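Right, one structure below, let's go through it.
The values are calculated or read from the model by the stated rules, or taken from the named source; none is laboratory data. What you see is a predicted model, and the numbers here were worked out from it, not measured in a lab. Counting neighbours? That spans all protein chains shown, and the Cβs are built from the backbone with ideal geometry, glycine included. Quick note on the areas: whole protein, heavy atoms, side chains included, nothing else; ligands and nucleic acids left out. Shrake-Rupley method; radii C 1.70, N 1.55, O 1.52, S 1.80 Å.
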Amino acid sequence: MLRKTGKYFKGYVLFAVLTPILMILEVVVDVIIPSLMRSTINGGVLAGNVNLVYRNGLYMIIAAIFAFLVGGISTYFGARAGQGLGKNLRLAVFNRVQTFSFANLDKFEVSSLITRLTNDIEIVSDIARMSLRISVRAPFLFIMATIMAVRINTQLSLIFIVALPLMAFGVFLTLKFGLPRFRKYQTKIDSINRRTQENLTAIRVVKAFVREDFEIEKFETQNKKLVRSALNAMNLMILIMPFMMLIMYAVIVAVLWFGGNFMLQGGMQAGDLFSYIMYVGQILMAVMHVAMIMMNFSRARASVERIFEVLETEPEFLESVDQGLTEVPNGSIKFKNVSFKYPGNQHFSLKNINLEIDSGSTLAVIGSTGSSKSTLVHLIPRLYDATEGEVEVGGIPIKDYNLKTLRDQVAIVLQENTLFSGTIRSNMQWGNKDATDQEMIKALEISQAADFVLNRAEGLDARVERGGTNFSGGQKQRLSIARTLLKEPKIIIFDDSTSAVDMTTEARIRAGLDQHNPKLTKIVIAQRISSIQNADKIVVMDDGNICGAGTHEELLEDNKIYQEIYESQQKGMVAG
Ligand SMILES: Nc1ncnc2c1ncn2[C@@H]1O[C@H](COP(=O)(O)OP(=O)(O)O)[C@@H](O)[C@H]1O
Ligand SMILES: [Mg+2]
């Protein structure tokens, strides 16, 4: 765990090293002070040496100021190191998530990625801050204070031979029973975070379905479980703490008893006893700190594991980001015996697909929901890789292309489209960051979005709220199409991208596209036959298979599924 996280102190190593070193100085002062007390009482107060009292008093003030400064600086450095670690980890996790393929993303829920990026990193950074100090302080203070105590009175120190195993037993109990409970508590925190995030990201859906009460109830259950688990962990602490305290006070009573006897016999002075008790306190405190660190480490371990699960997930396509062909010769597409199954799924979502699409032609895909239409087109820009078989673009296997080239040339307007907070312009720049206003307006005109954009006073600078919530579904679709057009691709894929646009507008978008670039290869997934009947080729998908391909007329002639879809839509038109 330490080795893994250690390298993320990069840039903050100095702080991470200085923190424990300063801590050692702080401990030295902590250990010197009881000695000064001892000499003050023995040589000063008891012997009536006022000068010594003053001198030692001065030393003690200096020592206290020194400890204060060193302690303060060490705490500050510790905080810098902890925060630095957090910053580096956050950046690393965020960067890693950006390189993820769709398949990688399927592995993690969004809410869990958020928890890892925030909560888990927070925990690790916080515990690093504490541990940099305490994990040095505890053992060092223990050793130093023990040496000092033994030097004052070896016989008296025999008490520890009895007390320390008892304390160790207490620590052992804490760890044995406490750790699992704290771990459980952590998983409960996780699940409540997950619930909260899931609910909040979908709060509009919750409201639309009037599921607030149900959600509150679910939350309450989780919340109760969390409290129970927290109490469960703390109850143990409540039991063990008095046990530790009991031992501590027993040790002090024993020290006073035996020490008192030694004093009466003249083998010990008041100052000796006084400082001895201070050392006892330090030793026992150090032992308790050990328990605390172990506890914290185990809390951090779960978080570290979760963070590294992300960091150690190998992005699939990393190698093809800066290698491969950077030229796509034309917009033809070929599926050769392609089968595909989603990672973790048992069944194949695409079964032995063979399909050819000529450059510049229009292919339409139709089929019921879940028939793998989206899956089919996702393979072309390599959002997923085929499990078996091969996909070619321009006569070249897609794996031979540079990934950026491929995705620029094979542009897809996804089924669920999102705009990003900013302006229309900043959203258009996603398609092409160097696009001029003219080019943007041209793209908006083709996608039939120019009207509602230019009608706004701010035009291209009109604000887009997060997720594009200040635009209607159809407007968002048209903006997404414009954004994609700005890439000037050779192939463009519309995954149900005009479902929220009326038929007239849809026809205009299609006409605009043809006029703009007749050589563009178009793949259109659509629900309405009216949207696709002019396509050069239509494929009908059914349960991961192509169950028919041809023109509208051919399919009407001999494809049962196509006929059914057609008839149901005709009826709909008449009735509706
Ligand atoms: N990310 C995914 N992980 C696992 N299975 C998926 C994923 N996306 C889609 N599927 C499955 O693949 C099949 C086809 O889905 P999809 O291609 O989205 O259908 P369509 O676009 O035709 O509605 C469905 O059975 C669906 O459950
Ligand atoms: Mg789909």
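Quick notes on this one:
- Screening ILE424, ILE396 for residues that are away from ligand 2 (no atom under 16 Å from the Cβ), without any contact (Cβ under 8 Å) to a residue 60 or more places away in the chain and on the phi < 0 side of the Ramachandran plot leaves exactly one candidate, ILE424.
- Annotation: of all residues in the range 520-548 being small (Gly, Ala, Ser) and under 25 Å from PRO489 (Cα atoms), the one that is farthest from the chain's Cα centre (by Cα) is ALA535.
- Pairs linking a residue in the range 552-571 that is within 14 Å of ALA535 (Cβ to Cβ) to a residue that is of a type in the set (Phe, Trp, Tyr), with Cβ atoms under 6 Å and 6 or more positions apart or on different chains, are LEU555/TYR562.
- Count of the range 23-51 residues which are open to solvent by 30 Å² or more (accessible area, probe 1.4 Å) and of a type outside the set (D, E, K, R): 16
- Scan of the range 149-207 for residues that are outside any helix (DSSP H, G or I) and open to solvent by less than 20 Å² (accessible area, probe 1.4 Å), ordered by number: ASN153, LEU156, SER157
- Consider the range 401-451 and keep the residues that are in contact with a Leu (Cβ under 9 Å, 6 or more places away or on another chain) and of a type in the set (Phe, Trp, Tyr). The one that is nearest to ASP495 (Cα to Cα) is TRP430.
- Against the list (1) open to solvent by 20 Å² or more (accessible area, probe 1.4 Å); (2) away from ligand 1 (no atom under 16 Å from the Cβ); (3) over 17 Å from LEU376 (Cβ atoms); (4) not hydroxyl-bearing (Ser, Thr, Tyr), the condition LYS537 fails is (3).
- Residue satisfying all of: in the range 282-338; of a type in the set (Lys, Arg) and assigned to a helix (DSSP H, G or I); nearest to the chain's Cα centre (by Cα) among these: ARG306
- Taking the numbered list (1) more than 16 Å from ligand 1 (Cβ to nearest atom); (2) modelled with pLDDT under 90 in turn, GLU316 passes all entries but (1).
Yes/no matrix, rows are residues, columns are (1) touching a strand residue (DSSP E or B) at 6+ places or on another chain (Cβ under 8 Å); (2) under 25 Å from PRO343 (Cβ atoms); (3) not in a helix (DSSP H, G or I):
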site: ASP408; (1), (2), (3): no, no, no
site: ASN427; (1), (2), (3): yes, no, no
site: ASN432; (1), (2), (3): no, no, yes
site: ALA435; (1), (2), (3): no, no, yes
site: ILE441; (1), (2), (3): no, no, no
site: GLN448; (1), (2), (3): no, no, yes
site: PHE452; (1), (2), (3): no, no, no
site: ARG456; (1), (2), (3): no, no, yes
site: GLY467; (1), (2), (3): no, no, no
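- Among (1) modelled with pLDDT of 95 or more; (2) assigned to a loop (DSSP other than H, G, I, E, B), the one test that ASN354 misses: (2)
- Boolean, GLY512 is within 16 Å of ligand 1 (Cβ to nearest atom) and either at pLDDT below 95 or in contact with a strand residue (DSSP E or B) (Cβ under 6 Å, 6 or more places away or on another chain) (or both): no
- Among the residues of the range 452-470, the ones that are on the phi < 0 side of the Ramachandran plot and either in contact with a Leu (Cβ under 7 Å, 6 or more places away or on another chain) or not assigned by TED's automatic domain parsing to the domain that holds ILE525 (or both) come to 2 in all.
- Remark: pairs (first residue in the range 219-244, within 16 Å of LEU175 (Cα to Cα); second residue of a type in the set (S, T, N, Q); Cβ separation under 8 Å; 6+ apart in sequence or on different chains) = LEU236/THR174; MET237/THR174; ILE240/THR174.
- Residues in the range 43-59 that are part of a helix (DSSP H, G or I) and small (Gly, Ala, Ser): GLY43, GLY44, GLY57.
- For the range 88-142, the set of residues classified as within 16 Å of ligand 2 (Cβ to nearest atom) and hydrophobic (A, V, I, L, M, F, W, C) consists of PHE102 only.
- Filter result for the condition that a residue is of a type in the set (Ser, Thr, Tyr), at pLDDT 90 or above and either surrounded by 19 or more Cβ atoms within 10 Å (Cβ to Cβ) or assigned by TED's automatic domain parsing to the domain that holds MET234 (or both), over SER101, SER125: SER125
- Just one of the listed residues (ASN223, ASN261, ASN235) is surrounded by fewer than 16 Cβ atoms within 10 Å (Cβ to Cβ) and within 30 Å of GLY467 (Cβ to Cβ), and it is ASN223.
- Of the residues making up the range 474-520, just one is away from ligand 2 (no atom under 16 Å from the Cβ), of a type in the set (Val, Ile, Thr) and part of a loop (DSSP other than H, G, I, E, B), namely VAL501.
Let's see how each residue does on (1) within 16 Å of ligand 2 (Cβ to nearest atom); (2) closer than 22 Å to ILE538 by Cα; (3) touching a strand residue (DSSP E or B) at 6+ places or on another chain (Cβ under 8 Å); (4) small (Gly, Ala, Ser):
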{"residue": "VAL338", "(1), (2), (3), (4)": "no, yes, yes, no"}
{"residue": "TYR342", "(1), (2), (3), (4)": "yes, no, no, no"}
{"residue": "GLU356", "(1), (2), (3), (4)": "no, yes, yes, no"}
{"residue": "ALA364", "(1), (2), (3), (4)": "yes, yes, yes, yes"}
{"residue": "LEU383", "(1), (2), (3), (4)": "yes, no, yes, no"}
{"residue": "GLU416", "(1), (2), (3), (4)": "yes, no, no, no"}
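- Selection from the range 342-367 of residues that are open to solvent by less than 70 Å² (accessible area, probe 1.4 Å) and either without any contact (Cβ under 8 Å) to a residue 24 or more places away in the chain or within 11 Å of ligand 1 (Cβ to nearest atom) (or both): TYR342, ASN345, PHE348, SER349, LEU350, VAL365, ILE366, GLY367
- Conditions (1) more than 30 Å from GLY48 (Cα to Cα); (2) touching a helix residue (DSSP H, G or I) at 6+ places or on another chain (Cβ under 9 Å); (3) not hydroxyl-bearing (Ser, Thr, Tyr): number failed by PRO242: (2)
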